[in-house]
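Some notes on the structure that comes next.
Here, each number is a calculation from the coordinates, and none is a lab measurement. Note that the coordinates shown come from a computational prediction; the quantities given were computed from them, not determined experimentally. Virtual Cβ from ideal backbone geometry, glycine too; neighbours counted across all protein chains shown.
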Amino acid sequence: MKNVIFCFSGTGNSRRAARLIAAQLGGATIVSVKEGVCSDLAEDADTVGFLCPVYEWDVPETMKRFAQRLRVNKKAYVFMVATYVAVHGRCFETMDAILREKGTRLHYGKALRCVGSQSVAYEPFPAPRVMVPYADWRAERIGREVAAKRQNRYPAASILTKKLHEKMMMPFIAVQHEYDKGFYTTDQCVGCGLCSRICPCGNISLSEGRPVWNHGCIGCNACVVYCPKKAILFQTPEAYRQLDNVITRRLGLPDRRTRYHNPHITARDLIAECEVVEH
Ligand SMILES: Cc1cc2nc3c(=O)[nH]c(=O)nc-3n(C[C@H](O)[C@H](O)[C@H](O)COP(=O)(O)O)c2cc1C
Ligand code: SF4
Ligand code: SF4
């Protein structure tokens, strides 16, 4: 059996779940989804999985573009697990629509509640010491269902979420490219370049040993939370300041705010192109 899981992950929650599900499947190749990456592994796979966080009640743009480029074996069992904290929105509908254009569909979808981890906006919640083991436990259960090729009706967006998406999420999506204008480094930066290597969007270059953000950011937070020196801070960019809503008023990364990443996932895990999980 050939199992492949395509995983986009900024703070490691989705990657951790991918690993646990791969183990339940009896082994799988986990491919790190990054901007511009292509893969032919799904063309003859028996099981194809998509693991990613929910962003703005939908699939992150990088994952969407990757899935659109992918060729998938029409006979494969296809599943998606989306990690989130509060609102999964329409992410399963989005992925299902992409797959249907390829002549297949989502056979199984589950939303997996994890630690909410947008460091520039809030403290990680619910408490990682409770949530990380709980999410692991649920990921293993999901893994057993996937291994049994269980089919389900994936969680759909609620009527309220559909109604509010335009009003509440579109303003953020419209200024998304301005997000990285908020990042800057402190003197703690040692020019190691890890932020540049870990960015799934190829959005960070180095100039005179300091990171430069090139406005192709989708706000995954990987650079912030994996910087070994905690040298990246954030000030609300002008475009977000102008939105002036309950979320943008909280934006900003004071030195004292916790930078959460999943404790089981290292920077090296996310930088690697792929990982083979053996049985
Ligand atoms: C840019 C951004 C947008 C997010 N949007 C949502 C959202 O719409 N709904 C939600 O429940 N969680 C949202 N979250 C929380 C993440 O989905 C959650 O923390 C997820 O587990 C992160 O996965 P990762 O660790 O694999 O990157 C968002 C996080 C980020 C960084
Ligand atoms: S990871 Fe941190 S220390 Fe290394 S170059 Fe980036 S900002 Fe500087
Ligand atoms: S610049 Fe940082 S926050 Fe933006 S996509 Fe890259 S790693 Fe993620």
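Quick notes on this structure:
- Judged by the mean number of other Cβ atoms found within 10 Å, the most tightly packed of the peptides 114-126, 253-265 leads the ranking 114-126, 253-265.
- Sparsely packed GluC sites (Glu not before Pro) within the range 178-248, loop by DSSP, other Cβ within 10 Å at most 12: GLU208
- The range 36-80 shape via C-alpha gyration tensor axes, a/c threshold 1.5: oblate
- Pair-distance distribution P(r) for the range 63-119, from all Cα-Cα distances in 10 Å bins starting at 0: 22, 49, 23, 6, 0 percent.
- Aspartates and glutamates with Cα under 14 Å of LYS229, excluding same-chain neighbours fewer than 8 positions away: ASP187, ASP255
- Listing LYS149, LYS230 from fewest to most neighbouring C-beta atoms within 10 Å gives LYS149, LYS230.
- Checking the cross-link pairs LYS162/LYS230; LYS34/LYS167; LYS102/LYS167; LYS75/LYS162; LYS2/LYS34 against a 27 Å limit on the alpha carbon distance flags LYS162/LYS230; LYS34/LYS167; LYS102/LYS167; LYS75/LYS162 as lying beyond it.
- Euclidean distance between Cα centres, the range 21-91 to the range 248-267, Å: 25 Å
- Residue order, fewest to most surrounding Cβ atoms within 10 angstrom, among TYR77, TYR134: TYR134, TYR77
- Within the range 1-111, antiparallel bridges make up roughly 5 percent of the DSSP beta bridges whose residues both belong there.
- For the range 179-279, the relative contact order works out to 28 percent when only alpha carbon pairs closer than 8 Å and six or more residues apart are counted.
- Over the chain: Rg over Rh, Cα atoms, Kirkwood Rh: 0.95
- The range 2-50 shape via C-alpha gyration tensor axes, a/c threshold 1.5: oblate
- The value obtained for the range 174-243, namely the Cα convex hull volume divided by the number of residues, is 79 Å³ per residue.
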